[in-house]
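First comes the structure, then the notes that go with it.
The values are calculated or read from the model by the stated rules, or taken from the named source; none is laboratory data. For clarity, every value in this text was computed on a predicted model and none was experimentally measured. Note that each Cβ is placed from the backbone with ideal geometry, even for glycine, and that neighbours are counted across all protein chains shown.
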Amino acid sequence: MDAPIPDLAERADACAEHLRSADRVVLASHIDADGLTSAAIAATALERAEIPFRTVFSKQLDAEEIAGIAELEPDTVLFTDFGSGQLDIIAEHEAAGDFTPVIADHHQPAGAASDDAAAPDTEFHLNPLLFGINGASELSGAGASYVLARALEPEGVDNRDLAALAVVGAVGDMQASGGELQGANERIVEEGVDADVLETATDLALYGKQTRPLPKLLEYSSDVNIPGISNDQSGALSFLDGLDLDLKSGGEWRRWVDLDDDERQTVASALVQRAVSRGVPADKIDGLVATTYALADESVGTELRDASEFSTLLNATARYERADVGLAVCLGDRGPALDRARQLLRDHRRNLSEGIEWVTEEGVTREDNLQWFHAEDRIRETIVGIVAGMAVGADGIDRGRPIVAFANKSEEEVKVSARGTHSLVRQGLDLSDVMGRASRAVGGDGGGHDVAAGATVPAGTEAEFVEHADEIVGDQLS
């Protein structure tokens with residue numbers, strides 16, 4: 001069977017061959033939706049290949065975390081959705097004989113942005129960036145893990161069913177820019193469709209089509225702001241009441257997934273007409289329609305059916321230190337783990353709502369090239385980046401400049417999260433570079449992607465960090 005991403009095939013085969021020869025494998029992964037799906041894909045592939053392993057998760061892979069993994073005395077560590085950015089530390093452990101690393105990641109490798117010819121690397125390093133594929137928009141950590149899983153297939157085993165999780169990871173990592181997955185991700189989608197685990201369609205591009213009642217679906221539509229409907233409960237209700245449709249069943253509002261094709265067309269056309277009449281720009285109106293990705297084996301009307309809603313469920317488990325719950329759901333637990341994940345999601349949504357309300361009430365501080373706020377202990381450091389991204393476009397928060405958010409991580413350290421837009425990225429914004437350089441300038445460290453990145457800095461250095469970050473953003477966008 002052909003490799004899903006031919007450019008990565010040789011490196012994936014080398015990584016797979018080493019894993020087959022390993023005696024004690026530790027699978028170490030990040031905890032967000034991309035990390036959890038990466039871990040689930042790798043875990044399933046290792047199990048099917050009859051390779052013994054144990055799994056550990058890390059919120060932030062640093063020297064201390066890597067040292068802790070080394071103390072488990074593995075002969076091989078498989079890093080998924082991180083590891084590239086920590087190559088310098090990992091290489092030291094490899095040189096000391098602590099373990100052999102295998103890395104399936106999509107983040108910027110350590111030292112890659114410098115002119116240092118001796119930038120660290122390792123033999124078994126599977127990263128799209130090393131092969132000219134954009135790791136921020138064309139292949140996620142779950143995608144890299146999927147490529148490795150396909151290379152790990154024993155005779156008679158077909159791992160293409162794991163493509164569904166790879167798509168959930170990519171969507172959760174905000175790679176569906178322009179309304180659909182692109183580049184190497186498209187090939188994974190094709191394999192998922194061929195394996196009958198994925199279904200694609202052109203549909204309304206609003207979050208919550210599987211689970212939200214129609215008024216809430218429209219009211220909470222933040223990607224495309226339609227005046228008089230978005231963030232307007234009474235306006236959304238009035239809009240739906242004005243349609244010549246029976247949108248209730250048993251006295252309860254139906255969901256988008258409950259509508260037939262004609263009903264969906266009527267609602268979508270009315271939305272477009274409302275957007276045009278309220279002066280929404282044409283490019284924004286185009287964003288009302290996108291490619292959607294459904295997991296064919298999951299029940300219609302559940303969070304697990306839609307890749308976007310599935311990824312949000314996983315993020316809810318990760319942000320509250322329950323990566324084990326998210327992994328169990330990815331591995332097929334539809335009982336206690338799913339129940340717990342849904343409760344965490346309800347709590348997560350409440351915390352996000354309270355966080356966004358706080359940011360919009362308190363406002364942001366504007367610099368020449370960016371805007372920022374410091375939540376201190378009012379917003380959990382594990383969700384402050386999500387809050388920042390969701391708050392963009394609200395009253396007083398400019399969509400035309402990146403936003404930087406601070407939250408206390410401990411008495412000694414502060415978490416920094418930055419969010420931009422794909423439009424700003426096209427103008428030259430690279431938040432991975434911004435976070436990395438500005439954090440290191442104040443004694444911290446950071447990285448990520450061009451559109452979303454994070455860092456940890458010493459408490460008390462926030463003002464200096466903002467100065468550096470503002471200058472770097474200004475240089476990028478000039």
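Consider the range 143-164 and keep the residues that are acidic (D, E) and out of contact with any helix residue (DSSP H, G or I) (no Cβ under 6 Å at 6 or more places or on another chain). The one that is farthest from A176 (Cα to Cα) is E155. Residues of the range 173-205 that are part of a helix (DSSP H, G or I) and closer than 17 Å to D450 by Cβ: S177, G178, A184, N185.
Checking each residue in the range 261-278 for being farther than 17 Å from L237 by Cα and of a type in the set (S, T, N, Q) picks out Q265, S277.
Filtering the range 322-348 down to residues that are closer than 20 Å to D161 by Cβ and either of a type in the set (A, V, I, L, M, F, W, C) or assigned by TED's automatic domain parsing to the domain that holds G178 (or both), which residue is surrounded by the most Cβ atoms within 10 Å (Cβ to Cβ)? Only one residue tops the list, namely C330. Within the range 336-347, restricting attention to residues that are of a type outside the set (S, T, N, Q) and more than 14 Å from A323 (Cβ to Cβ), which residue is farthest from the chain's Cα centre (by Cα)? Filtering first and then ranking leaves P336. One residue stands out among those in the range 31-47 that are of a type outside the set (A, V, I, L, M) and touching a helix residue (DSSP H, G or I) at 6+ places or on another chain (Cβ under 7 Å): the one that is nearest to N159 (Cα to Cα), which is T44.
Residue count for the range 14-56 under the criterion of being out of contact with any Leu (no Cβ under 8 Å at 6 or more places or on another chain), surrounded by fewer than 24 Cβ atoms within 10 Å (Cβ to Cβ) and among the aliphatic types (A, V, I, L, M): the result is 2. Considering only the range 154-179, state which residues are of a type in the set (D, E, K, R) and in contact with an Asp or Glu (Cβ under 8 Å, 6 or more places away or on another chain). Once the filter is applied, which keeps residues that are of a type in the set (D, E, K, R) and in contact with an Asp or Glu (Cβ under 8 Å, 6 or more places away or on another chain), the range 154-179 yields R160, D173. Tallying residues that are closer than 15 Å to L206 by Cβ and either among the β-branched types (V, I, T) or not assigned by TED's automatic domain parsing to the domain that holds L214 (or both) within the range 253-273 yields 3.
Considering only the range 268-290, how many residues are at positive phi and among the basic types (K, R)? Summing the residues that are at positive phi and among the basic types (K, R) in the range 268-290 gives 0.
Okay, residues lined up against (1) in a loop (DSSP other than H, G, I, E, B); (2) outside the structural domain of A40 (by TED's automatic domain parsing); (3) not hydroxyl-bearing (S, T, Y):
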{"position": "N225", "(1), (2), (3)": "yes, yes, yes"}
{"position": "V276", "(1), (2), (3)": "no, yes, yes"}
{"position": "Y293", "(1), (2), (3)": "no, yes, no"}
{"position": "L314", "(1), (2), (3)": "no, yes, yes"}
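Could you check, for the range 96-107, whether at least one of its residues is in contact with a His (Cβ under 7 Å, 6 or more places away or on another chain), among the aromatic types (F, W, Y) and surrounded by 24 or more Cβ atoms within 10 Å (Cβ to Cβ)? The answer is no, given that none of the residues of the range 96-107 is in contact with a His (Cβ under 7 Å, 6 or more places away or on another chain), among the aromatic types (F, W, Y) and surrounded by 24 or more Cβ atoms within 10 Å (Cβ to Cβ). Filter the range 156-197 down to the residues that are under 16 Å from the mean Cα position of the chain (by Cα) and among the acidic types (D, E), then identify the one that is surrounded by the fewest Cβ atoms within 10 Å (Cβ to Cβ). The extreme case among them is E180. Exactly one residue out of V289, V325, V257 is over 15 Å from D223 (Cβ atoms), β-branched (V, I, T) and in contact with a strand residue (DSSP E or B) (Cβ under 9 Å, 6 or more places away or on another chain), and it is V257.
Checking each residue in the range 434-454 for being buried (at least 22 other Cβ atoms within 10 Å of the Cβ), closer than 15 Å to A110 by Cα and at pLDDT 95 or above picks out V434, M435, S439.
Only one of the listed residues (R319, R278, R254) is at pLDDT below 95 and surrounded by fewer than 19 Cβ atoms within 10 Å (Cβ to Cβ). That residue is R278.
May I ask you to say which residue of Y146, Y220 is outside the structural domain of Q108 (by TED's automatic domain parsing) and of a type in the set (S, T, Y)? The unique qualifying residue is Y220. Does G208 count as in contact with a strand residue (DSSP E or B) (Cβ under 9 Å, 6 or more places away or on another chain), among the small types (G, A, S) and not in a helix (DSSP H, G or I)? The answer is yes for G208. So, of the residues in the range 155-172 that are outside any helix (DSSP H, G or I) and among the charged types (D, E, K, R), which turns out to be modelled with the highest pLDDT? Checking each candidate, the answer is D158.
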